[in-house]
Structure formats: C-alpha cells, structure tokens
Amino acid sequence: MLGLKKYLTVLGVLFLSFLFSSCGGNSRSSSSNNNTGGNPSANSGTTTTGGSNTGSSGGNGSGSSASSIASYAYVGNNNVITGTISGFAINADGTATAIPAVNGASGELATNNHFLLATDGTNIVSYSIGSGGALSQVATINGVAHNDTPSDSAVGVMSLDRSGASLYAGEINFQGTDNGAFAHFQIGSDGKIAWADNSSISSNFGSALTFSQDDKYAYGHGCYFLTFEVPAFSRGTNGTLTPVASNAQPPAVAESTDICPGPSSASPTGDVLVSVMFPEGQQGATDLLVSYQIHSDGSLGPPSAPAANPGFHAINDAKVDPSGSYVAVATDAGVQMYSLSSTGALSPIGTPVTSNVTFNNVQWDAAGHVFATSTTTNGLYVFNNTNGALTQASGSPHAVTNAGTLAVASAK
C-alpha cells in the first residue's frame, strides 16, 4: 500500500483540494507536540515599524544595526496560501529582530535575495526586500493561466535557479488529474514576473527542483504508485527545461522494501546531489540519506551507501551549505549535521540538536547560520555552525504564524 507521505506527493488532486480549502495538516510531520526545546511565544521579539532595525532581538534585549545584519529569514503559512509572512533580520551572532509581517500570498516561498516570491495557489506574487528586510508587494501574475486546465489546477512548489532569474512553479493538475508540469517564469530586475514556457507533462512532477553547481541541470523527485523516479532536466541558456535521463537508481535495501525519493539538494561547489529516500513496505524502517555524483550529461551515478543514522526516524528536508562541506537535515528528532566530501561521502557530526522537536524545513545563509522551522511548535529556530557543530542562537526559537515554508535571503 502506498504510504501517506508518498500518497500526497503523487496524487496532486488531493493536494489541490486542500489548497483550495486551506485546511491544515502536514503528511511529513510528527504527531508529537513536545516543545521543551523552547517556547517560541516567549522569544518572538519586538516587531519594528517602517522597516527600521530597532527593537529587541528575539527577546534577548539586543537590537540589530544595519551593519550587523547577515540575512533575512521569512516563514510562510503551513498549508494556508493566503495568510501571513513572518520575517526576521538575522545578526552575525544568530540573534534576530522581528521585521514587519505582511498579509497576502504566503505559500511556497522562494527568494533570489532581492525579491521574495510567494503564491496563493493561483497567483504568484513578488515582494521587494527593502531596508531591514521589510517586504512590499511589487508584482503579481496569474500562475495557472497557461496551464491546459487552468480552472482545475494550482501553483504548487516554487523553485529558483542559481541565477535567481528563472522561477519554476510545479503546476498541480496542469492537464487534468495528476498530470503535472513546471511553468517557467522570468523575474525581472524590477521584480516583475513574466511567463516564459512550460515543461513537458508528467505525473511525477510537482516536487521542488534543485540545480547543479553550473545551473545546467535540475533535479526533482517523484514516486507515482511506488515507481521510483528522479526526473532530470537540462536547463537552456534561456531557462527552458528539457527532460534528460537521470538514470537514478534507489539504494539497495531489504527485498520487501520499496523506495521513494524525497527532497534533494545539490552542492553549490561540486557535482554532488544529496537525496532523501523514503522506505516503504517495511515496518519501522527509517528514512535514508544518500548522494549521487552528477555526470557531465546530467545523469547520476550509483547511489552512495546510506549515511549513518545517529538517532532519528523521519527526514523532512535536507540542504547542502554554501561551502559544499556540510548537510543540515531536518528530522523528527532535531536537526542533524553531516559532513560532505567531494566524492559524496556523508558522515554524521554528533547527534541531532534540539532532539525533542520535529523540524519540517531547513535552510542556510551565506554567514553559516542554519534555520529550521517546526509546525508543531510554530517556531523558527536559528543555529550557529562551528565546523559542523550547531549551537542554538540566543533568543531562538522565534514565534511565527502557522509555520510553513522557509526562505532565507542574504542582506544586501
């Protein structure tokens, strides 16, 4: 039987229905609501006005100055496509100051450091990132207008290429039930959004895309009725996606276990793709983390042996850091760090931090901070990284509204 966490991945019509009804629930979340890792409501900081950088820093009493800000972290709503985007200015030491929240399209956040992109399921909206990280809406476009069945489809996960100029929206039910595609939009220097073209149609589309270090190839994941697939695309100079063979194979596991690929992250400094794997059909099996070598034609080499597991069951997200040296993994038992070699070898560093919290999304900034969100605590957690060892920053976690997708922009 197809597992629930894969079922929602492959049957887009179900996802579409909850987009339109805006009901809660996350198929990859633990039912645990243990919050002894920190009370976000006690560390939410003081929201500033007018985009200024004064006020408290996540409840620790220190304010932010423009020169000390390393990045901006934004959290959209979980399974609510029109709601609130919470934002924080992050200092070099990981402390944070809340910035004015905005109401509007707040689903599937993505950023190119100048603009924050969000969707309400139909429209795609760009917000300008201004002084102190303050957001202001600058453009909107109907994101389903060029689908074959616009009235019955929806904008799903959105991904930006490494240049930040090409936006790819996973279009749910692009051509009827379960026939998805990627719609390609161009983001102008003024934040305006223009439709460019659509990819070919496949029932396995709809995942996020991750891009090779040279931006030539993009990879997603699919598992349509337990059919393992890591779709690959060649990215043209104009941003158009053309399918290519990834030749990806699942890792070797017990004969009774089916494998579905999950979220992936490509190294920005090497030809390595790190991928989460979801075992199905074996009671109590833990999720796996493997890597692939990216070949010059975009195909993937054999998977590495699964990385050692220091103490978690489920993996919800994984991201390679900007140096290509570490992987941060959001699990049902904290955030786990791995070292990543140029050949794709994955080695755990210690055990999960904040192990009593289930994390759903994880991101890095260019200053070495790790960010993670939890739907069970409605918190944004900030960690400082020292040679792969994470320490929770002062004032973290920070309260957010209905924690969902996470995007991190470097301070300009």
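The values are calculated or read from the model by the stated rules, or taken from the named source; none is laboratory data. Keep in mind that this is a model prediction, so the values were computed, not measured. Every residue, glycine as well, gets a Cβ built from its backbone with ideal geometry; the counts of neighbours run over all protein chains shown. Protein only, heavy atoms only, side chains kept; ligands, DNA and RNA dropped before computing areas. Shrake-Rupley method; radii C 1.70, N 1.55, O 1.52, S 1.80 Å.
A few points about this structure:
- Each of ALA252 and ALA366 was given a label point 7 Å from its Cα along the Cα-to-Cβ line. The distance between the two points is 4.3 nm.
- Modelled FRET efficiency - R0 25 Å, ALA92 with ALA389, Cβ distances, 0.05 increments: 0.90
- On a per residue basis, segment 178-328 carries 38 Å² of accessible surface, using protein heavy atoms and a 1.4 Å probe.
- Annotation for GLN175 and THR242: the two label points, set 7 Å from Cα along the Cα-Cβ direction, are 1.9 nm apart.
- Length added when fully stretched, ASP297-GLN137, from 0.36 nm per residue minus Cα-Cα: 53.7 nm
- The listed residues ASP152, ASP120 rank as ASP152, ASP120 when sorted by accessible area, largest first, using a 1.4 Å probe.
- Computed over protein heavy atoms with a 1.4 Å probe, the carbon and sulfur contribution to the accessible area of segment 258-310 reaches 48%.
- Spatial separation of Cα centroids for segment 263-335 and segment 388-405, in angstrom: 22
- Stretching ALA285 away from ASP152 to a fully extended chain increases their span by 44.2 nm, per 0.36 nm per residue minus the current alpha-carbon distance.
- Solvent-accessible surface of protein heavy atoms, probed at 1.4 angstrom with all chains present, puts ARG162, ARG235 in the order ARG162, ARG235, largest first.
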